[in-house]
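Taken together, the values in this text are just the output of simple stated rules run on the coordinates, not laboratory data. What you see is a predicted model; the values in this text were computed from it and never measured. No Cβ is skipped: glycine too gets one built from the backbone with ideal geometry, and neighbour counts run over all protein chains shown.
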Amino acid sequence: MSKAINIEAPLLRIQEMQRDPQLFCARRMVHMLLLCAVGTFSSVFMLAQSRYPMRFLDDVGNLGNPYSRDKRSSADLAGLARVTRQDDILLFEGRDLAGKPWRLFTSGDGGVGWTEVWTADFDHNGRSDLLIGSHFPGNGRCVDGGDVLILLFEADGRPVPWMSSTMVPEGNKFPVRPAIVLDANGDGRAEIVTTSCEYADGQQRFGEDRRITGVYEARDARWVPLSGYALEPYRSAAVASHRLTSPGFVKWQPTKASDWSDQMSGIDAPATVKLNRILTGEVGCGGIRLTVGNGADDPCDVLRDDRAVYSDGGTRRGWPPAIIDGADGRDIYVVHIGDALRRIMRGDYSLRLLGGSAEPAWIWADARQSTIPSVLASELLTAQVTTRRLSVLEAGGEPASPFDLFVNSGSGCFAISLATNGGPVARHYSACSQLASLRRTGVSGPLRMKESMAWEIIARDRRLRTFRSDDGGLLAEYTFTPPDRGAELVNAVEFGQGFLVQWRVPSGAFVTLHDQQGRPLTDLMSTGTIQGDLLISSNSDGITFMTWKNYRPFELTECRMAVSWTRR
């Protein structure tokens, strides 16, 4: 049986007005005379009456952005936390009641988007909480999506995270309320309504299917699925909040509370599981299963996804965001999760798997016990290696597009096309005029170009510089720390959440994995029987190496690769 809900104000008034606006105005003529004169409420006004009282703190999406008017490097959030940008992440920092630090590593949207921070006592425990909403506008339908990350603070002053994707309510002026937050049952604790949107073509062209994906209430520093309550007040709030931003035909699909996930389930269970091994997901396996003879498994099965292997024998898909809780503080990793998982493995911490053990939403590491740090060993895994001979053709004039890669070498330039009927082709151009705009910027070393991006390898300085190929504008510069002093940089390509980097040493060629700042995550790893220079990575073809013969492209080797970490 559903529990009684006290919605006398304001949602009961909203529903009464919707059923009979004239009767509603007559009953409340003294109090609502001005509103009755205009005939009806706007949906924006009605939604405003049901909002949970939140206080806007700051928009921190453009911190550290040199192209923004916001020239700050950090921001204070009303004494609750301080936020700074470190390379590609936002770092939120504060202290618990014992003076121990807590930190949140997350991403943020800036430019034409925003990352706004709000505060309220959502769970009504006397402590101010933080809501971080990020949104970057899109085109077409379903353009109002955003992400919400909320920190509810426990009695000791340490935060418990919760996050969800949702559609941003309409009718907002700056600052933008990033989610539907209200108190429909009148108990003083906030409820958040998360929604989704999908394209719905069919007979109604340009339509949208919208759905409530969850109603959660803040209780004791947790967001709990609100089951056993009538859903109509929340559905009414959701429909009102998305009425104007939804173009064309909108259909609200049914929802069931039993389908709503509980990210924090298992938080009170003992920490008994440990992390034994993690594997990177490989970019080249895609969604196509390879045909393998003799009943063998597709080699991509072990490489396709990020995976984690636990002490209970389970191999689970995904690297879930991590909470590391210790005597010296609490760290929350929503980004740079690989760093967190390697830290957990080195510390041999015990874990709680939150949100379901089959595919956890979070892992909570108990770092309060003293542990002996472990040493992690990394291993390069390869599968489905294919070698193909390159046909080299002489070509005149300008390079003809499309091509997959444009390589500058000592004997001219080569436009390489991987997918042709007769196999991969390299067309040789002696003039290299395609690179003229980049040369004007002072670029002088060997260059490679893919689509609208070009990159230069400065081997002895171990640097990679990326440019816009149309006007030569410098995009980024990376300096990779070599794991061996005598190593010379060959090339670096995107891989997972960082870079796969190839080095040349006297004994041969090796690769390492680096994070987005160029820091090494592995020691030198041999590529085994794979020959050639690291050339390119793509989602469909995996990692490609190329061998040269007489200063001309000779063979391409395509393979799937993954990196595995285990404790020694």
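A Förster distance of 35 Å, applied to the separation of the beta-carbon atoms of Leu474 and Ser74, puts the FRET efficiency at 0.85. Which of rounded, prolate or oblate describes the range 55-159 when judged by the alpha-carbon gyration tensor and an a/c cut-off of 1.5? Since a/c reaches 1.5 but b/c is at least a/b, the shape of the range 55-159 is classed as oblate.
Charge tally around Phe499: other residues with Cβ under 14 Å, Lys/Arg +1 each, Asp/Glu -1 each, net -1. Taking Cα centroids, how far is the range 529-568 from the range 451-525 in Å? Rounded to whole Å, the Cα centres lie 14 Å apart.
From most to least packed by mean Cβ count within 10 Å, the peptides 415-428, 111-124 give 111-124, 415-428. The distance from the alpha carbon centre of the range 159-191 to that of the range 113-141 is 7 Å, rounded to a whole number.
Proximity of backbone amide H atoms, modeled 1.01 Å from N, is registered between Asn491 and Gln502 at under 5 Å, excluding neighbours fewer than 5 places apart on the same chain. If you plug the beta carbon distance of Phe249 and Leu381 into 1/(1 + (r/R0)^6) with R0 = 51 Å, you get a FRET efficiency near 0.60.
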